[in-house]
Amino acid sequence: MAAGDTDLSICSDALILMGASPLSSFTEGTDAAQACSRLYYDVRDTLIGRYPWSWSMKKVELGQLVTAPINEWSKSYQLPGDMLSGVIAVFASNGNTERPLHHGWEIYEDKLFTNLPTIYIDYQYTVSESKMPPYFVHLLKHALAAELSVVITDQISKADYYNNVAFGTPGENLRGGLFRQAMNTDSRGKPPEVIEDYSLIDVRG
């Protein structure tokens, strides 16, 4: 993991890529600082949510709520507050083993409804910069440079350049460039089932 990285250092490196000066803080009063403070977190979270990165996953047992849902389900569970891009997979537990649930549950707003007494979920969450691997940080810097280039340099050509470096050509549907390299690197450390489970963001079985 890239233990020395922070939101400020990543923004500063993106600015340096564009030929601009690094930031001393997000409140320094410059146009670059204002743009970074407004755009960085959206770019980061969107980029994390585009792929089920192995380091962005959590498995937790949901806490059952006292109030039962007013519908066909008998139990309601609170979804985690740090959930980034929806539920990846739902599991029932009998105390000894877990089994995946492809139906028998439903999500409304920030709650999961079901008839089962013990529920676990896999989901993506917003990871702190210090826990992001270097291959993702490298991608994030170039994706941020693509987002900031027009604002900072007023040059569309720079935005196009960094977008191509980060995501490849338009024909690659945002899955080329550094993004593809990062996916390939990440996939070496996890089984293929995780990618298949990513399709389970369906709301109702």
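Coordinate-derived values only; no laboratory data. These numbers were taken from a predicted model, which means no experiment stands behind them. Don't worry about glycine lacking a Cβ; one is built from the backbone with ideal geometry, like all the others, and counts go over all protein chains shown.
Summarising the amide proton neighbourhood of Trp105: residues at separation of 5 or more, or on other chains, whose placed amide H is nearer than 5 Å comprise Gly205.
Between Arg38 and Thr153, the modelled label-to-label distance comes to 2.1 nm, taking each label 7 Å out from Cα in the direction of the beta carbon. Using a cut-off of 28 Å between Cα atoms, the listed pairs Lys111/Lys141; Lys75/Lys131; Lys58/Lys141; Lys58/Lys158 include Lys111/Lys141; Lys75/Lys131; Lys58/Lys158 as exceeding that distance. Exposed loop sites here mean GluC sites (Glu not before Pro) with a DSSP loop assignment and at most 16 other beta-carbon atoms within 10 Å; the chain contains its longest site-free run at 110-205. From helices alone, the chain scores -12000 deg cm²/dmol at 222 nm; the rule is -39500 (n - 2.57) for each run of n ≥ 4 DSSP H residues, then divide by the residue total.
In this label model, His103 and Glu28 are separated by 5.8 nm, measuring between points 7 Å along each Cα→Cβ vector. Against the main long axis of the alpha-carbon atoms of the chain, helix 156-167 sits at an angle near 40°.
Our Cα-only numbers for segment 65-110 put the radius of gyration and Dmax at 11.9, 31 Å.
Based on the Cα coordinates of the chain, what is the per residue volume of their convex hull in Å³?
Details: hull volume 30.7 nm³, N = 205.
Once divided by residue count, the hull of the chain is 150 Å³.
Do any chymotrypsin sites (Phe, Trp or Tyr not before Pro) in segment 31-127 lie in a DSSP loop with no more than 14 other beta carbon atoms within 10 Å, and if so, which? Here no loop site has a sparse enough neighbourhood. Distance between the 7 Å Cα→Cβ label points at Glu172 and Tyr120: 3.6 nm.
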